1. Go through (1) at pLDDT 90 or above; (2) surrounded by 10 or more Cβ atoms within 10 Å (Cβ to Cβ) and name the single condition Leu37 misses.
2. Please identify the pairs in which a residue from the range 21-37 that is touching a residue at least 60 places away in the same chain (Cβ under 8 Å) has its Cβ atom under 6 Å from the Cβ atom of a residue that is of a type in the set (Asp, Glu) and part of a helix (DSSP H, G or I), counting only partners at least 6 apart or on another chain.
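The values are calculated or read from the model by the stated rules, or taken from the named source; none is laboratory data. As the structure is a prediction and not an experimental result, all values here were calculated from the model. In this analysis, Cβ positions are derived from the backbone assuming ideal geometry, glycine residues included, and neighbour counts consider all displayed protein chains.
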Amino acid sequence: MKDFFELIASLFEDVLFVPFDAIRELELSSWFAANGLNFIFILIGAVAFVYWMLQLKKFNDNNEEDRSVKAHVFLGKNAKY
């Protein structure tokens, strides 16, 4: 059983964490290069946010949402019909 857990530890340390080790080494020479992946994720998130807001505006301008009180009765216990 001990060999099984050592195999799992070896898998993570020697194989799966190699990219993170490379990024850690790169960070000593260039902070911007090491954090490039974070910048890419931030850019993807910003683009997705803008796209989502434009889609919401399009649906809002077309009045496609049911804004009656009955449609949102689940929002509160004291909602009146």
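1. All conditions are met except number (1).
2. none
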